[in-house]
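The values are calculated or read from the model by the stated rules, or taken from the named source; none is laboratory data. None of these values were measured; they are calculated from a predicted model. Here the Cβ positions follow ideal geometry from the backbone for every residue, glycine too, while neighbour counts run over all protein chains shown.
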Amino acid sequence: PSGEISVLSTERVCSICQEAFDQLDPRHFSYNSPAGWCPKCRGFGEIFWVPEGVDRGAREEEIEETWYEWMEGERQVCPECNGTRLNPLARSVRLPVILPESLLRQLLDRQLVTYHQGSPAVTISMISAMDIATALEFFTAVKFSGRAAIIAKDVIPEIRSRLEFLVEVGLDYLQLARGVPTLSGGELQRIRLAAQLGSNLSGVLYILDEPTIGLHPRDNQKLLNALKSLKRRGNSVVVVEHDPATIKAADFIIELGPGAGVHGGQLVKACTLKELLQSNDSVTAQCLRKKVCYPTRGSRRPVHLTDKTASETPDWLILHNANKHNLKNLTVRFPLGRFIVVTGVSGSGKSTLLRECLIPTVRATLKGEAKKWRQETGMWVSGCENIRAVHEVDQSPIGRTPRSIPATYVGFFDEIRRLFASLPESRMHGYGPGRCSFNSSVGRCPVCLGAGMVKIEMSFMPPAFVVCSTCGGKRFKLETLQVKYRGKSIADVLEMSVEEALEFFQHVPAIHLPLKVLFDTGLGYLKLGQPSPTLSGGEAQRIKLVAYLVSGLKESQDIHRQRKRNLFLLEEPTTGLHMADVQKLVEVIQQLVDFGHTVIVIEHNLELIAEADWVIDLGPEGGKKGGEIVAQGTPEQVAQNKNSFTGWFLRTILKK
């Protein structure tokens, strides 16, 4: 009667675009399911390109080396799903919501809410793009109407509860859709902790390995409260930790030592904090009791401030318009030839500033591609005239296979091989340096090919590795092992610890120098031939620092050395370090700076921050509330800034 036409269908078909779809269920909103993932990227959100020379069809033996090249290949955001990982159907489903006006405006500005048929609505992609703090605010305030309100009645409290646990362990800045491979070890561990907080279990033994990694001192208390909450429920919590605040909060402390490597493995103390502080045998107790005057080297290197009109001076490296992620178009100034620490609460933009803005911009400038980079990103840098190269000293392995060892990475293994080749017995047989290399067919074991282990294929099971029966795990031919220096073969030397080798080669300066640097860095317990996959991230990072430091020592002896110096970036180098070892790391960094290099460190450790010449504090919060420079200057100047969380904690340590 009204003249309106109603279209009815026995199938789910859009009356406007004629698109048909199945009955929706949770699979359609999962990028792990073919029903929900983007057909272009298959749920990865990125498109990968394999580098040239990598054979997709290579057998397992060949893939061992090329897998890392594959992971380092080029990638870009999927053009079809725009990184959301979902197919068009999942992205098209809109859920009408009712939100307070102030929150609605905020989410509209960030494109986390849209209007559909005149009402606010969200898609699953929009919710996934929220950080945890925003998501908690959203699910606390959101209301629904009709059938959706009935369904949400039981679901929303569960979602809100899990988000609250994530906030409780200091992860409010993480995006919900953040990929697990991009998380740090500390972040991943705290996510697992949040899951346990939501389980309400009792009578469970929880073991956590350094949960404070990546946490600002302000967020440590949140973590400690979460651990105490687990304890109050009747659980036992064992934490492996070096953080002083966590140690002081413990009910019972077990200290192993007294040293590292062969000097460790003994029970030093098992007692309460009060009893520990009274002990004279405990290194931890000594560090907790010790009153330190910072900087421990006596004074800081002066930073000559210039007025803004003279900011192009070569004494400063200036990054303009840093605009990635949550950074607010910053202009950041780094004094060259100084020890600089970038601080800030978790998620404030520290890694983004250095790894995604400063480092690629400097590298583009050094390659002569500054103009192109500025057009693509809007960022540019000035003051690169005296920078030779940029080195990102991270905690990735120093090598990809067991054939990579500390002696080869630092570079003194060549000197050891030359020493053995110069011995009378080697010269009598015509042996050269290659005879003492397990990478050369001349001297290595022909069965295990210098690996010391033999791989045995097991049907329907992972392969097994056993010690080579021909060389006994020594890696070399019997003839090679007959050549000895001071009663030791090349295999015996590789089994030595750095500390043992330091004394053994004390009369060979070319070998003794790098060994002494390794020892002074707190790595005296490592074996010269220790396979790189067995090294921790912190050990790998310090070995890389030693390699650069040894290079710097050699350059300092060169009267014709270049004026240009290197720029080093370290991200949380104190990870895994005892308080006593942090000071050794500081000494290595200070030596690099003494050689004229610039060292920039991302760090939360207050002892290391207090040693810096210059501090740049980002914040004030994490995520969208961060990305600004809160304070910059010497540690004393930052400590006086009332708006800086880092400054508040620095005041407590600088007063010691």
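Meeting the requirement of 2 or more residues that are acidic (D, E), the helices (runs of 4 or more DSSP H) wholly within segment 114-197 are 147-168.
From the residues in segment 164-177 that are buried (at least 16 other Cβ atoms within 10 Å of the Cβ) and over 17 Å from H604 (Cβ atoms), which one is modelled with the lowest pLDDT? Lay out the reasoning, then the answer.
Quick first cut of segment 164-177, residues buried (at least 16 other Cβ atoms within 10 Å of the Cβ) only: 164-175, 177.
Narrowing the set further to residues that are over 17 Å from H604 (Cβ atoms) leaves 164-168, 175, 177.
Values: E164: 92, F165: 90, L166: 92, V167: 89, E168: 86, Q175: 90, A177: 91.
Checked segment 164-177; the qualifying residue modelled with the lowest pLDDT is E168.
Taking the numbered list (1) buried (at least 18 other Cβ atoms within 10 Å of the Cβ); (2) in a helix (DSSP H, G or I); (3) of a type in the set (D, E, K, R) in turn, K371 passes all entries but (1).
No other residue among F412, F465 is among the aromatic types (F, W, Y) and either exposed (fewer than 13 other Cβ atoms within 10 Å of the Cβ) or in contact with a Lys or Arg (Cβ under 6 Å, 6 or more places away or on another chain) (or both) apart from F465.
Answer yes or no as to whether G146 is of a type in the set (G, A, S), in contact with a Pro (Cβ under 9 Å, 6 or more places away or on another chain) and farther than 26 Å from S346 by Cβ. Talk me through it step by step, then tell me what you get.
Details: of a type in the set (G, A, S): yes; in contact with a Pro (Cβ under 9 Å, 6 or more places away or on another chain): yes; farther than 26 Å from S346 by Cβ: yes.
So G146 passes the test.
When segment 130-163 is examined, which residues are found to be of a type in the set (G, A, S) and either more than 17 Å from L99 (Cβ to Cβ) or modelled with pLDDT under 95 (or both)?
First pass over segment 130-163, keeping only residues of a type in the set (G, A, S): 133, 135, 141, 145-146, 148-149, 152, 161.
Matches in segment 130-163: A133, S145, G146, A148, A149, A152, S161.
Residues that are in contact with a strand residue (DSSP E or B) (Cβ under 9 Å, 6 or more places away or on another chain) and either part of a loop (DSSP other than H, G, I, E, B) or on the phi > 0 side of the Ramachandran plot (or both) within segment 416-450 comprise L423, S437, F438, G443, C445, V447, C448, G450, listed in sequence order.
Yes/no per residue for (1) surrounded by 15 or more Cβ atoms within 10 Å (Cβ to Cβ); (2) closer than 29 Å to Q583 by Cβ; (3) touching a Lys or Arg at 6+ places or on another chain (Cβ under 7 Å); (4) modelled with pLDDT under 90:
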{"residue": "L317", "(1), (2), (3), (4)": "yes, yes, no, no"}
{"residue": "L330", "(1), (2), (3), (4)": "yes, no, no, no"}
{"residue": "V342", "(1), (2), (3), (4)": "yes, yes, yes, no"}
{"residue": "G349", "(1), (2), (3), (4)": "yes, yes, no, no"}
{"residue": "E385", "(1), (2), (3), (4)": "no, no, no, yes"}
{"residue": "V393", "(1), (2), (3), (4)": "yes, yes, yes, yes"}
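Determine which member of the set L166, L215, L188, L197 is within 28 Å of S351 (Cβ to Cβ) and more than 24 Å from the chain's Cα centre (by Cα). Give the steps one after another, and end with the answer.
Details: L166 fails: more than 24 Å from the chain's Cα centre (by Cα); L215 fails: more than 24 Å from the chain's Cα centre (by Cα); L188 fails: more than 24 Å from the chain's Cα centre (by Cα).
The conditions single out L197.
Highlighted here would be strands (runs of 3 or more DSSP E) found entirely within segment 219-311 that include at least 2 residues which are among the basic types (K, R) and crowded, with 17+ Cβ neighbours inside 10 Å, but there are none.
Scoring G472 on the criteria (1) at positive phi; (2) in contact with a Gly (Cβ under 6 Å, 6 or more places away or on another chain) leaves a single failure, condition (2).
Does G522 meet the test of being touching a residue at least 40 places away in the same chain (Cβ under 8 Å) and outside any helix (DSSP H, G or I)? Before the answer, list the steps.
Numbers: touching a residue at least 40 places away in the same chain (Cβ under 8 Å): yes; outside any helix (DSSP H, G or I): yes.
Taking the combined requirement at face value, the residue satisfies it.
The residues of segment 396-415 that are of a type in the set (F, W, Y) and assigned to a loop (DSSP other than H, G, I, E, B) amount to a single one, F412.
Is it the case, given these coordinates, that A194 is small (G, A, S), out of contact with any Pro (no Cβ under 9 Å at 6 or more places or on another chain), surrounded by fewer than 16 Cβ atoms within 10 Å (Cβ to Cβ) and not assigned by TED's automatic domain parsing to the domain that holds L327? Explain how you work it out, then say what you get.
Values: small (G, A, S): yes; out of contact with any Pro (no Cβ under 9 Å at 6 or more places or on another chain): yes; surrounded by fewer than 16 Cβ atoms within 10 Å (Cβ to Cβ): no; not assigned by TED's automatic domain parsing to the domain that holds L327: yes.
No; evaluated as a whole, the condition is false for this residue.
Just one of the numbered conditions (1) farther than 25 Å from R162 by Cβ; (2) in contact with a strand residue (DSSP E or B) (Cβ under 9 Å, 6 or more places away or on another chain) is not true of E101: (2). Residue pairs whose Cβ atoms lie under 9 Å apart, separated by 6 or more positions or on different chains, with the first residue in segment 339-350 and more than 24 Å from P295 (Cβ to Cβ) and the second outside any helix (DSSP H, G or I) and of a type in the set (K, R), are G349/K324; G349/K328.
Does H507 meet the test of being touching a helix residue (DSSP H, G or I) at 6+ places or on another chain (Cβ under 9 Å) and over 28 Å from P446 (Cα atoms)? When the stated conditions are applied, H507 does not pass them.
Residues are listed down the side, and each one gets a yes or a no for (1) at pLDDT 90 or above; (2) part of a loop (DSSP other than H, G, I, E, B); (3) within 20 Å of P302 (Cβ to Cβ):
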| position | (1), (2), (3) |
| --- | --- |
| R561 | no, yes, no |
| T575 | no, yes, no |
| V593 | yes, no, yes |
| E621 | no, yes, no |
| Q632 | yes, no, yes |
| Q637 | yes, no, yes |
| R651 | yes, no, no |
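Residue-level check: of (1) at pLDDT below 90; (2) surrounded by fewer than 13 Cβ atoms within 10 Å (Cβ to Cβ); (3) in contact with a strand residue (DSSP E or B) (Cβ under 9 Å, 6 or more places away or on another chain), M453 misses just (2). Return yes or no: is V546 surrounded by 22 or more Cβ atoms within 10 Å (Cβ to Cβ) and among the hydrophobic types (A, V, I, L, M, F, W, C)? Yes, satisfied. For segment 330-345, the criterion of being out of contact with any strand residue (DSSP E or B) (no Cβ under 8 Å at 6 or more places or on another chain) and assigned by TED's automatic domain parsing to the domain that holds N605 is satisfied by no residue at all.
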